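> For reference, the structure I am asking about is given below.
The values are calculated or read from the model by the stated rules, or taken from the named source; none is laboratory data. Nothing here was measured: the structure is a model prediction, and the numbers come from that model. Positions of Cβ are backbone-derived with ideal geometry, glycine not excepted, and every protein chain shown enters the neighbour counts.
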Amino acid sequence: MTNSLTLSVPEGVPFIDFTRDFDAPVEAVFRAHRDPAIVAQWLGPNGYEMTVEEYDFRTGGRYRYVHHDPKGGDYGFNGVFHVVRENEFAIQTFEFEGFPDVVSIESLRFEDLGDGRTRLSGHAVYPTQEARDGMVESGMETGMSQGYERLESILDAS
């Protein structure tokens, strides 16, 4: 089955919504978001390597990782996991260190669709419309799509 990312970027509001279905049980999709060794294999655009410096996917946990592009550029990201409910829900902050002080608040929902399928839904709120638009213009949709395609392959292989 082919699953694709659906991204909603409504006019005039500083948020983005997305959904992506996976042909894998909710426990597997959640584990792929919790386990830093798995996260490093799928998060981000194709061709980038990822160094995980800290990744504690639990209520009150923190994370920091760096994407390394093929040309030698480094892009750091960090945040806090405010709420994590096993196989169900997470709320985190997200900050691209190239634009410090522009922090989004993101929620992820892991929905069991039955028959071993999962729907991942996300909602990201930015401090300004300009910050939201900058995220969209940065290639966010491409990076998310490529990452989720790799995640689908990892889930298929397990």
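> With farther than 24 Å from Val13 by Cα, touching a Phe, Trp or Tyr at 6+ places or on another chain (Cβ under 6 Å) and exposed (fewer than 15 other Cβ atoms within 10 Å of the Cβ) as the only criterion, which of Asp56, Asp69 stands out?
Asp69
> Being part of a strand (DSSP E or B) and touching an Asp or Glu at 6+ places or on another chain (Cβ under 9 Å) is the filter here, so list the residues in the range 77-102 that pass it.
Matches in the range 77-102: Phe77, Asn78, Gly79, Phe81, Ala90, Ile91, Gln92, Thr93, Phe94, Glu95.
> Checking Arg20 against (1) surrounded by fewer than 16 Cβ atoms within 10 Å (Cβ to Cβ); (2) not in a loop (DSSP other than H, G, I, E, B), which single condition isn't satisfied?
Looking at each condition in turn, Arg20 falls short on (1).
> Among the candidates Glu111, Glu106, single out the residue that is surrounded by 15 or more Cβ atoms within 10 Å (Cβ to Cβ) and within 21 Å of Gln129 (Cβ to Cβ).
Of Glu111, Glu106, the one residue that is surrounded by 15 or more Cβ atoms within 10 Å (Cβ to Cβ) and within 21 Å of Gln129 (Cβ to Cβ) is Glu106.
> Next up: Does Phe96 meet the test of being of a type outside the set (A, V, I, L, M), in contact with a strand residue (DSSP E or B) (Cβ under 6 Å, 6 or more places away or on another chain) and either at positive phi or at pLDDT 95 or above (or both)?
So Phe96 fails the test.
> Here's something else I'd like to know. Which pairs have Cβ atoms under 7 Å, sit 6 or more apart or on different chains, and link a residue in the range 29-57 that is on the phi < 0 side of the Ramachandran plot and without any contact (Cβ under 8 Å) to a residue 60 or more places away in the chain to one that is exposed (fewer than 14 other Cβ atoms within 10 Å of the Cβ) and assigned to a loop (DSSP other than H, G, I, E, B)?
Within 7 Å, the pairs are Tyr48/Asp69.
> Taking the condition out of contact with any Phe, Trp or Tyr (no Cβ under 8 Å at 6 or more places or on another chain) and among the aromatic types (Phe, Trp, Tyr), does Phe99 pass?
Yes; evaluated as a whole, the condition is true for this residue.
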